[in-house]
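This report concerns only the one structure given below.
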Amino acid sequence: AQTVTQSQPEMSVQEAETVTLSCTYDTSENNYYLFWYKQPPSRQMILVIRQEAYKQQNATENRFSVNFQKAAKSFSLKISDSQLGDTAMYFCALTQGNLIFGKGTKLSVKP
Amino acid sequence: AAGVIQSPRHLIKEKRETATLKCYPIPRHDTVYWYQQGPGQDPQFLISFYEKMQSDKGSIPDRFSAQQFSDYHSELNMSSLELGDSALYFCASSLGSSWGAGEKLFFGSGTQLSVL
């Protein structure tokens, strides 16, 4: 069975600094996709970044980048130059026909 | 750009009542997914539809049913509501049955259901 594990229930970072959120997963599939979703207090689910497992190059979206280690089944999210608006719950997710979510990491950006 | 529309935004029901949640996908999107997110929990997959046919089923209780209509909108029908059904219900849409190929999933703002 596919599983997604986020081992950091909560994290905090100072504004303008860099923070890394961890995610590990398990799947027997060879081709799959990984995602990070952001859920701010409004509870809207917002796609942050997507990684295709068959691509070795790490995905980047502006201040957001991932460190994808396929052999280790690790998919961490790095947020650079953290902003107050980055405060949210962050979910790591894996495709299995539908999305399988991790339990989430609550990120607080402090001024 | 048009997004996924869910209605109502908030719904309050009594135990044992019924509720119907509606989802209007992004235009041209033919695949709809329903997720349930309890307080402080991660979203749990309930059910999905592709081209008006059920494509996958998750942890959806037997008291719930859903369908996708000819205009691709979907409705989640919930009967004999229980206190534990109180949650945020998300609908999401994507284009094509190739979700496993990594098509982006777009979420609506959710319907907050409170069962009293």
Inset, instruction - Kindly indicate which of A:4, A:13 is crowded, with 17+ Cβ neighbours inside 10 Å, in contact (Cβ under 8 Å) with a residue 24 or more places away in the chain and more than 22 Å from residue B:106 (Cβ to Cβ). - result: A:13
Legend entry - residue B:80 vs. criteria out of contact with any strand residue (DSSP E or B) (no Cβ under 7 Å at 6 or more places or on another chain), touching a residue at least 12 places away in the same chain (Cβ under 8 Å) and open to solvent by 20 Å² or more (accessible area, probe 1.4 Å): yes
Legend entry - Residue ranges of strands (runs of 3 or more DSSP E) in segment B:11-83 with at least 1 members in contact with a Cys (Cβ under 7 Å, 6 or more places away or on another chain) and of a type outside the set (A, V, I, L, M): B:19-24, B:31-37, B:74-78
Inset, instruction - Using the structure shown, decide if residue A:68 is more than 8 Å from chain B (Cβ to nearest Cβ), over 21 Å from residue A:3 (Cβ atoms) and either of a type in the set (D, E, K, R) or open to solvent by 10 Å² or more (accessible area, probe 1.4 Å) (or both). - result: no
Inset, instruction - Could you run through segment A:86-99 and say how many residues are within 11 Å of another protein chain (Cβ to nearest Cβ) and farther than 28 Å from residue B:55 by Cβ? - result: 0
Inset, instruction - Give segment A:16-65 a look and list any residue that's modelled with pLDDT under 90, over 25 Å from residue B:4 (Cα atoms) and open to solvent by 80 Å² or more (accessible area, probe 1.4 Å), or say none. - result: A:28, A:29, A:30, A:31, A:54, A:55, A:56
Inset, instruction - Any chance you could count how many residues in segment B:35-49 are within 13 Å of residue B:92 (Cβ to Cβ) and more than 10 Å from chain A (Cβ to nearest Cβ)? - result: 2
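Yes/no matrix, rows are residues, columns are (1) more than 14 Å from chain B (Cβ to nearest Cβ); (2) open to solvent by 50 Å² or more (accessible area, probe 1.4 Å); (3) more than 18 Å from residue B:104 (Cβ to Cβ):
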{"site": "A:72", "(1), (2), (3)": "yes, yes, yes"}
{"site": "A:79", "(1), (2), (3)": "yes, no, yes"}
{"site": "A:84", "(1), (2), (3)": "yes, yes, yes"}
{"site": "A:101", "(1), (2), (3)": "no, no, no"}
{"site": "A:110", "(1), (2), (3)": "yes, yes, yes"}
Inset, instruction - Go through segment B:55-73 residue by residue and tally those that are over 25 Å from residue B:116 (Cα atoms), within 14 Å of chain A (Cβ to nearest Cβ) and touching a residue at least 24 places away in the same chain (Cβ under 8 Å). - result: 1
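The values are calculated or read from the model by the stated rules, or taken from the named source; none is laboratory data. As the structure is a prediction and not an experimental result, all values here were calculated from the model. Positions of Cβ are generated from backbone atoms using ideal geometry, with glycine treated the same way; all protein chains shown enter the neighbour counts. Accessible surface is based on the protein model in full, side chains and every heavy atom, while ligands, DNA and RNA are left aside. Shrake-Rupley method; radii C 1.70, N 1.55, O 1.52, S 1.80 Å.
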